[in-house]
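For reference, the structure discussed in these notes is given below.
Values quoted throughout were computed directly from the atomic coordinates according to the rules given, and no laboratory measurement underlies them. Computed from a prediction, not measured in an experiment: that's the story for all the values here. Here the Cβ is made from the backbone with ideal geometry for all residues, glycine too, and neighbour counts use every protein chain on show.
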Amino acid sequence: MSTGKGIDTQQATHLAADDDQPPAEASADTGGFKPDAELPAASALGAFLEAPPSGTPPEVVEALTLMAGDPADPLPPRLYFETVEQSPVAISVTDAKANILYANAAFEVLTGYDRHEVLGKNQSILSSNATPESIYQQLWRTIQRKRPWTGVLINRRKDGEDYLAELTISPVLDAAGRIRYFLGMHRDVTREHELSVALRQQKTRIETVLDAAPVVVVLLDTDGRIILDNQEYKKLLGDLRGREPLALLRSALQQQAGFDPLERAAAGEGFRDVEISIEVPGNAGPRWLSCSGTAVNESDSSLSGYFIRGDAGDQRLLLLANDITGRRREIERAHLENLRARLAEQQLAQGMREALTAASYQLQVPLNMIRAASGMFKDGTGNPALFADMLGQITQAGETALATLHAAMPTQVPEAGVNVNVNELLRHVLALETDNLLAAGIVVDWQPALVLPELSGHKNELRSLFKHLIDNALQALYEGGGSQRALRLATRALDDAVEVIVEDNGPGIPSGLRLKVFEPFHIGWRNRRGRAGMGLALAQEIVNQHDGAIEIDPDYRDGCRVRVTLGNVRARD
Ligand code: FAD
């Protein structure tokens with residue numbers, strides 16, 4: 001008996017009772033579902049069954065009774081069909097060879113095929129030919145063993161668009177246990193797949209970035225359990241020979257910085273650039289790390305948090321530790337070098353003072369003799385032999401004093417040529433002069449070239465060159481007495497040289513003296529104390545050694561502008 005739908009209702013609901021019938025074939029009269037049209041038929045059926053005409057075969061009465069359902073049963077058999085028909089999942093029923101006998105409304109919507117077009121056709125009508133053969137083999141192996149199969153296939157809609165179908169096939173057996181039909185249910189999971197691929201890609205990207213970061217990164221929950229870490233963390237774990245770095249970092253922060261990072265995170269607070277040290281086995285000296293922590297709030301992933309919007313979520317700590325051991329050691333080394341240099345300077349000054357004292361004492365002897373000889377010469381009491389003897393003694397005492405002075409002369413240690421970044425040197429010298437500049441109320445305008453080629457040069461000599469020039473500018477500003485004292489330092493890359501400008505708005509240098517200031521022992525300052533007049537002469541010498549030039553800018557009228565060009569620019573590979 002046909003209901004006029006894609007599948008016989010009786011077969012769809014009472015399959016087990018019909019074991020000798022072949023699977024229903026799709027027929028031309030199978031059409032769209034019209035639920036309301038059945039209602040009068042149902043009441044007519046009820047009336048028929050109340051008093052079936054005599055001679056009606058009992059099987060027919062039985063079948064019709066099943067169809068009409070039991071008024072006492074709130075779930076009439078018809079309901080099962082309606083449930084399938086109206087289900088939002090694409091459902092089809094096929095024969096044992098996957099020929100479609102029935103397809104529901106959702107199937108039509110999802111595949112784009114009208115059910116008339118697919119009835120009698122094989123389910124392979126949906127195949128895009130992109131699903132590997134092995135999947136179909138596995139599918140068929142499973143369902144032929146009378147077991148349900150669930151998997152994902154690439155399907156093609158009627159309009160040619162592919163989609164990912166999550167399909168469950170369930171065999172429907174007859175009373176004898178033979179496969180009679182297959183029930184197929186599928187839904188479009190393309191969006192889920194795209195999202196999961198995007199999520200995987202995002203995760204891979206994050207992991208790549210984290211692993212490439214030259215910083216220890218670790219994400220913790222409030223109990224200190226590691227949720228995520230990166231390669232640098234694992235490397236530290238190896239360096240610590242398996243001792244958990246987190247425990248060490250945490251206790252170092254507690255002991256050296258006085259706080260527990262996890263407690264901070266639990267309170268929603270972070271911290272930045274806290275320097276700590278930990279001992280690493282076999283490593284000479286401690287390892288210094290600069291730690292920063294960020295409190296991160298992660299949304300609650302438990303089921304209880306599903307419906308709660310704006311939930312407090314779980315507090316996490318993102319801990320970053322940057323290895324600054326190299327920088328620390330560099331600072332310590334620079335500190336030691338500075339100390340050593342100061343001691344050497346003190347020793348040198350002490351030695352010079354002693355030598356000068358001895359020489360001035362030794363010079364007293366010839367001076368006294370010269371005074372005595374000149375007195376005798378004035379009085380006319382001396383004679384040539386006596387004078388000759390005194391001159392001999394004066395010469396000898398003078399030479400002794402000279403030898404003492406020569407011996408005290410510090411030997412010049414030749415400095416090796418290295419790659420020099422002029423901006424860096426100037427910055428160092430400026431840093432050294434900061435106190436003096438502040439004390440004199442000088443505004444410094446520092447304009448370094450953003451990119452400057454390196455020079456091959458002598459760092460110390462270049463440093464003392466810049467120091468001479470800045471000291472001169474300072475002295476000029478001081479003696480000029482202007483209220484708005486300004487010092488401008490600028491660097492610039494020329495074709496094959498580096499230019500340095502040291503400019504002050506002091507009294508300037510008269511045009512007649514622009515060359516003379518470079519002569520040794522020339523002193524133009526009002527306050528000559530402590531000045532030997534050698535600064536610019538030495539500056540000239542240092543510049544010459546670096547294939548450069550130094551000049552007082554003749555066109556600058558608002559003070560003094562010294563222009564230095566330094567050659568020896570290193571050729572780039
Ligand atoms: P086919 O030659 O049809 O099959 C490929 C391989 O599958 C064969 O080499 C063989 O190993 C196996 N195979 C096919 N038919 C049988 C059979 N009768 N008995 C034993 N092994 C067999 N496919 C889709 O692509 N999309 C769907 O949405 C889809 N839904 C299905 C729903 C149901 C209820 C059933 C039973 C099958 C469904 N199939 C679906 C599978 C479909 O019937 C085809 O097997 C598949 O599409 C491959 O088709 P084909 O023409 O490329 O190759």
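Some values worked out for this structure:
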item: Relative counts (whole %) of C-alpha pair distances in the stretch 88-231, using bins that are 10 Å wide; result: 11, 31, 23, 12, 13, 8, 1
item: Full-stretch length increase - residue 260, residue 479 - with 0.36 nm per residue and alpha-carbon distance subtracted; result: 73.2 nm
item: Distance in nm between pseudo-label sites at residue 300 and residue 388 (7 Å out along the Cβ direction from Cα); result: 11.8
item: For the chain, calculated [θ]222 nm from helices alone, where every DSSP H run of n ≥ 4 adds -39500 (n - 2.57); result: -13500 deg cm²/dmol
item: Stokes-Einstein diffusion coefficient of the stretch 431-554, Kirkwood radius over Cα pairs, 37 °C, 0.692 mPa s, in µm²/s; result: 212
item: For the stretch 378-457, the fraction of alpha-carbon pairs in successive 5 Å shells from zero, as %; result: 3, 10, 10, 9, 8, 8, 8, 7, 6, 6, 6, 6, 7, 4, 2, 0
item: Förster radius 45 Å - calculated FRET efficiency between residue 109 and residue 60, Cβ distance, rounded to 0.05; result: 0.75
item: At 0.692 mPa s and 37 °C, Stokes D of the stretch 402-442 from Kirkwood alpha-carbon radius, µm² per second; result: 238
item: Fraction in percent of alpha-carbon pairs per bin - 10 Å, the stretch 122-174; result: 24, 53, 21, 3
item: Mean separation of Cα contacts under 8 Å, 6 or more apart, over the residue count of the chain: relative contact order %; result: 7
item: Largest-first ellipsoid semi-axes for the stretch 486-573, taking √(5λ) over the Cα gyration tensor eigenvalues, angstrom; result: 25, 16, 11
item: Per-residue HN-Hα couplings for the stretch 214-225 [Karplus 6.51, -1.76, 1.60; θ = phi - 60°; Hz; x = Gly/Pro]; result: x, 9, 6, 10, 8, 10, 10, 8, 5, 8, x, 7
item: Hits among lysines - C-alpha to C-alpha of residue 158 under 23 Å, sequence gap 8 or more where chains match; result: 5, 97, 121
item: 25 Å Cα-Cα reach of residue 516 towards lysines, excluding residues that sit fewer than 8 places from it in its own chain; result: 467
item: Largest-first principal axis extents of the Cα set of the chain (Å); result: 183, 54, 46
item: Point-charge dipole on Cβ atoms (K/R +1, D/E -1) for the chain, about Cα centre, debye to 20; result: 2840
item: Net charge contributed by nearby residues that have their C-beta within less than 12 Å of residue 131 (K/R +1, D/E -1); result: -1
item: Straight-distance crosslink candidates among aspartates and glutamates, where the alpha carbon sits under 20 Å from residue 459 and sequence neighbours closer than 8 are dropped; result: 330, 332, 337, 345, 415, 424, 433, 471, 496, 499, 541, 547
item: D_trans [Stokes-Einstein, Kirkwood Rh over alpha-carbon pairs] for the stretch 224-379, 20 °C, 1.002 mPa s, µm² s⁻¹; result: 100
item: Calculated FRET value between residue 570 and residue 367, using beta carbons and R₀ = 51 Å, to 0.05; result: 0.40
item: Share of Cα-Cα pairs in the stretch 307-451 lying beyond 28 Å, as whole percent; result: 62
item: Difference of contour (0.36 nm per residue) and Cα-Cα distance, residue 207 to residue 137; result: 21.5 nm
item: Spherically averaged projected area in nm², based on the convex hull that wraps the Cα atoms of the stretch 202-247; result: 3.4
item: Inter-label distance for residue 352 and residue 147, nm, one decimal - labels placed 7 Å from Cα along Cα-to-Cβ; result: 9.6
item: Relative contact order for the stretch 436-566, counting Cα pairs under 8 Å that sit 6 or more residues apart, in percent; result: 26
item: Fully extended contour minus Cα-Cα distance, from residue 247 to residue 449, at 0.36 nm per residue; result: 68.1 nm
item: Residue 96-residue 402 pseudo-label distance in nm [points 7 Å out on the Cα-to-Cβ vector]; result: 12.9
item: 20 Å tail of the calculated P(r), the stretch 328-405, as % of Cα pairs; result: 55
